[in-house]
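The values are calculated or read from the model by the stated rules, or taken from the named source; none is laboratory data. The model shown is predicted, which means the values in this text are computed figures rather than measured ones. All Cβ positions, even for glycine, are placed from backbone atoms using ideal geometry, and neighbour counts span all protein chains on display. The area values use the complete protein model at the heavy-atom level, side chains included, leaving out ligands, DNA and RNA. Shrake-Rupley method; radii C 1.70, N 1.55, O 1.52, S 1.80 Å.
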Amino acid sequence: MAHKATSFFVILYCSLCLFTLINALSSCNGPCNNLNDCSGQLICINGRCNDDPDVGTHICTTPSPPSGGGGTCQSSGNLQCGTNSYPQYRCSPPVSSSTKAILTLNDFSEGGDGGGPSECDGNYHKNSEPVVALSTGWYNQGSRCLKMIRITASNGRSVLAKVVDECDSVNGCDSEHAGQPPCRNNVVDGSQAVWDALGLDTDVGVENVTWSMA
């Protein structure tokens, strides 16, 4: 009788452990195989429980604060592009008077690697124009559109550039984004003119810089 009682409590304890484990896995960014593995309004996206974009919930992610960043910026999920998986970000590091960033090269002209026309003004821009796209969090739903920022390279040279587009940190790998994967969350995507003004080699393609509002 004592043996049966012990077995019953062992089974009950294991069931409770399993129930707790399932609950843990069904929370934000927990692994999942189908909708039933995710709690509440969360859905299973690329094997992880996340907000349902059709419902527009922000259980796992919150919109970027007005400053364009702040606090700890966590990935909001992953985008599967063929055999590669890229982290998605709806936020960027906090903006300061000397915000660290990665400068990349973009062709904003028609037919260039920037894809469609710039979001801010619906136009294409010549390579001779000092223009940039900012990561999603810094772009901040267009609040920095057509505003000037100052970019400073490690060699001490700086340039003023106009914000004309978003370097999408959430979406990518499609024709709208010229087949490019999502941007990292700390990117200033500059035109040829920006690189030339800073005296940087475009063949390198990536440089550490700082930026601030002009």
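Numbers at a glance
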quantity: Solvent-accessible surface (1.4 angstrom probe) belonging to Glu207, in square angstrom, nearest 10; calculated: 40
quantity: Contour excess over end-to-end distance, with Cα ends at Cys81 and Ser128 and 0.36 nm allotted per residue; calculated: 13.7 nm
quantity: Ranked order, Ser97, Ser135 - accessible area, probe 1.4 Å, largest first; calculated: Ser97, Ser135
quantity: Leu146, Leu134, Leu105, reordered so the largest accessible area comes first (probe 1.4 Å); calculated: Leu146, Leu105, Leu134
quantity: Estimated Rh, the range 100-154: Kirkwood, alpha-carbon pairs, angstrom; calculated: 12.2
quantity: Accessible area in the full protein assembly, largest first, 1.4 Å probe, for Val170, Val95; calculated: Val95, Val170
quantity: Point-to-point label distance, Met213-Asp121, nm (Cα→Cβ direction, 7 Å offset); calculated: 2.0
quantity: Label-point separation, Ser97 to Ser154 (7 Å along Cα→Cβ), nm; calculated: 2.4
quantity: Point-to-point label distance, Leu146-Asp201, nm (Cα→Cβ direction, 7 Å offset); calculated: 3.9
